[in-house]
Amino acid sequence: MEIRAGTPPLGEEIADQLRVVVGADYVCTSVEDLDRYSRCTIPWQSRCMAVVFPASADEVAGIVRIAARHRLAVWPSSTGRNWGYGTTLAIEDGAIVMILERMNRVLEVNEELAYAVIEPGVTYEQFNKHLRSKGYKLWIDCTDGSGQGSVIGNAIERGIGETPYGDHFGNLCGIEVVLPDGERVHVGGAIQGLKTWHTHKWGLGPYLEGIFTQSSLGIVTKAGIWLMPQPESYNSFVYEIHDERHLPKVLDIFRRLALTGVVNTKLHMINDFVSMTILTQRIAEQVPQDGPLSDAHLAALRRKYGIAPWNCAGGIYGTRGQVKLQRSLLRQHLSPHGRLIFLSDRLLPYLQRVIDWSWKSPLIRRLTELAARTSLPVLDSAPYVHKILQGIPTEYFVKHAYYRYRRPRPEQVVQPARDRCGLIWFAPILPFSNEQVWPFLDACKQRFAAHGFDFYVAMLLMNPRSVVCLMAIIFDHEDTDETARSQQLYQELLAIMHERQFQQYRAGLQSWGDLFRNAPEMQRLHAKIKAALDPDNILAPGHYGVSCRQPIVIDNGNPR
Ligand code: ADP
């Protein structure tokens, strides 16, 4: 990436002040470092002028004080893995990017009350390993994104996971925040260490934890997080819907099962193209290398990989009796409309052995595929699904970002931003009803096709009443025309969403200019709170559209 004209270099005097706070090794200004932290999979360009890596809340406070003195923008990230939304990008050139990955201690685990206190650099993979290696009978909830993502970073963005603890902000309890003026506050508990800080979420007085999420009002430097006690029994299930005419019925059933508590996970429902992006790449298939897959090609790939038009996955947890009962209720309700398959920890090693044998022997593979009525690559993914639903993260599903990548995707270190993959997440949330969901998906699907993209949608239950219809625009970042079309498609999807009076549950950087266009009073309220806490407007100015230093302009699909 070129150094963009207009990116001011960080003055030596300011760099020295930062070095005094965090140490010389932790203030990065080299071209390579600035490149690395000015990259995302979305079509947006901005270039930071420094990257700092504080190791404590005091250092975080020291950095914001320096930034306030010089009126420099500071953009904090925990680990910066939110590909498709913006990663570590600031809206404008010239920001100081703050990465909190050195603050990666698990400070406390309380097994009796099932919570832990962690710093923002703690990743899903690290947290899961920590609990399991120390023998705690507690499970984390992870996402199907990178295991190197931050537990706190995702919760601060109000991200969602997979298990009954999948509402990540809902399970955050008691946060420490450094304010833009450098003051440290224990929100939800007294600074002296209130005993219920991590057990009672609402504190006393006006409830404030929420204003530090999806916001630019403070930097979270530690947090309590509730964990799932390891259940006596656990099963994952996958559910294939082969006839799309059953979808409305299935949606009604899922809603009823969720509302009555039979299913309490974040049920995942994906269309065939989502499966395709995980199983293969466009360059690996005999299909046209531009435009979307035709219906015939999609059908042929479905046959080749043995995947249904729609697939669902979820977990059931509890005592043996509870899991048995849940299994039979799911069977009773779902079997008439699709194929339901359960996987337990007991079966997992056998399945893994069959998969390993099948990869080695064509004959065994053929027999396995006949018996399982699907392909080996699909079977291969089942253990990953099973593990994610018990809080064991994997990079396996991040491969989807490489679907339109021109080279074979990496098998080990999957880093879509580094590899310049093209991926934009669009994350509208809808009432969980047939009346709302299907017409909206149809309208969006048409726009995908019109711009030459395959329709990717994963539906994730936010709660029994709302569903996130998560769409990915996967594009070839090396193709200028395709990149511009991806941005145009994104703008059109936003327009359809606004027109139908929906909003996103979490928003990518390119949509921030327009988030509250129908609610100027909300925009003013946000700006008032921001001005009170951050009068110099130094903390992520413009994050989620609040107090931009310059208007965000999208011109002909491109930011300028
Ligand atoms: P992840 O790596 O889990 O995807 P990130 O570290 O990329 O999470 O964080 C996602 C977004 O959340 C960041 O862009 C930033 O806006 C916000 N964020 C993350 N961590 C913090 C934090 N500790 N304090 C304030 N905001 C944060």
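Given the pairs K304/K387; K129/K399; K266/K387; K129/K360, which are separated by over 20 angstrom at their Cα positions?
K304/K387; K129/K399; K129/K360
Spelling out what I want: for every residue of segment 198-204, take phi, set θ = phi - 60°, compute 6.51 cos²θ - 1.76 cosθ + 1.60 (Karplus), and round to whole Hz; glycine and proline get x.
9, 10, 10, 6, 8, x, 9
Sort 16-27, 133-144 by packing, meaning the average of other beta carbons within 10 Å per residue, with the highest value first.
Top of the packing list down: 133-144, 16-27.
In segment 1-96, what percent of the accessible surface is made up of carbon and sulfur (1.4 Å probe, ligands and nucleic acids excluded)?
That share works out to 48 percent.
Between segment 52-79 and segment 411-428, what is the C-alpha centre distance in whole Å?
What the calculation gives is 27 Å, centre to centre.
Under a cut-off of 20 Å between alpha-carbon atoms, report the aspartates and glutamates in cross-link reach of K324, not counting same-chain residues fewer than 8 places apart.
Cα-Cα hits under 20 Å: E232, D345.
Sort out for me the Cα centre separation of segment 220-287 from segment 125-152, rounded to whole Å.
Here the two parts' Cα centres lie 20 Å apart.
Compute the helix-to-body angle for 520-533: its Cα long axis versus the longest principal axis of the chain, expressed 0 to 90° and rounded to tens.
Tilt of helix 520-533: around 50 degrees.
Out of the total accessible area of segment 339-445 (probe 1.4 Å, heavy atoms of protein only), what percent is carbon and sulfur?
59
Please list, ordered by chain and number, the residues whose modelled amide H lies under 5 Å from the amide H of V263; skip anything fewer than 5 residues away on the same chain.
Counting only residues 5 or more places away or on other chains, the set is A258.
Say the dipole of segment 106-229 comes from +1 at the beta carbon of Lys and Arg and -1 at that of Asp and Glu; which of S146, G189, H130 then lies farthest toward its positive end?
H130
Just the number please: accessible area per residue for the chain, 1.4 Å probe, all protein chains included, in Å².
42
Calculate how steeply helix 434-450 sits against the longest principal axis of the alpha-carbon atoms of the chain, using the helix alpha-carbon long axis, and give the answer as 0 to 90 degrees to the nearest 10.
Helix 434-450 and the main axis of the chain meet at about 80 degrees.
When the accessible area of segment 106-229 is split by element with a 1.4 Å probe, what percent falls to carbon and sulfur?
The value for segment 106-229 is 55 percent carbon and sulfur by accessible area.
Based on the mean of other Cβ atoms within 10 Å per residue, sort peptides 521-527, 147-153 so the most packed one is first.
In descending order of packing, they fall as 147-153, 521-527.
Debye sum, Cα scatterers, segment 217-264, no solvent: what log₁₀ I/I(0) at q = 0.29 1/Å?
-1.17
For the chain, what value does the Rg/Rh ratio take when both radii are computed over Cα atoms and Rh is the Kirkwood radius, given to two decimals?
Ratio of gyration radius to Kirkwood radius for the chain: 0.96.
Whole-Hz ³J(HN,Hα) for each residue in segment 346-363, computed from phi via Karplus 6.51 cos²θ - 1.76 cosθ + 1.60 with θ = phi - 60°, x for glycine and proline: what do you get?
5, 7, 3, x, 5, 4, 4, 5, 4, 4, 4, 4, 5, 5, 8, 10, x, 5
Can you list the HN-Hα couplings for segment 253-268, worked out from phi with the Karplus curve (6.51, -1.76, 1.60; θ = phi - 60°), rounded to whole Hz and with x for Gly and Pro?
In residue order, the calculated couplings are 5, 4, 4, 5, 5, 6, 5, 8, x, 5, 10, 10, 8, 8, 2, 10 Hz.
Loop only by DSSP, 13 or fewer other Cβ within 10 Å of the Cβ. Give me the GluC sites (Glu not before Pro) in segment 343-443 that pass, ordered by residue number.
Details: sites: E369, E395, E411, E435; in loops: E395, E411.
Of the GluC sites (Glu not before Pro), the ones in loops of segment 343-443 whose Cβ has at most 13 other Cβ atoms within 10 Å are E411.
I need the shape label for segment 236-394. Rule: rounded when a/c is under 1.5, else prolate if a/b > b/c, else oblate, with a, b, c from the alpha carbon gyration tensor.
Note, shape of segment 236-394 comes out oblate.
For the Cα atoms of the chain, what angle does the longest principal axis make with the long axis of helix 12-22, in degrees from 0 to 90, nearest 10?
Orientation of helix 12-22: about 60 degrees from the principal axis.
The values are calculated or read from the model by the stated rules, or taken from the named source; none is laboratory data. Predicted model, so just to flag it, every value in this text is computed and none were measured. Ideal geometry is used to build each Cβ from the backbone, glycine not excepted, and the neighbour counts take in all protein chains shown. These accessible areas exclude ligands, DNA and RNA; they are computed on the full protein's heavy atoms, side chains included. Shrake-Rupley method; radii C 1.70, N 1.55, O 1.52, S 1.80 Å.
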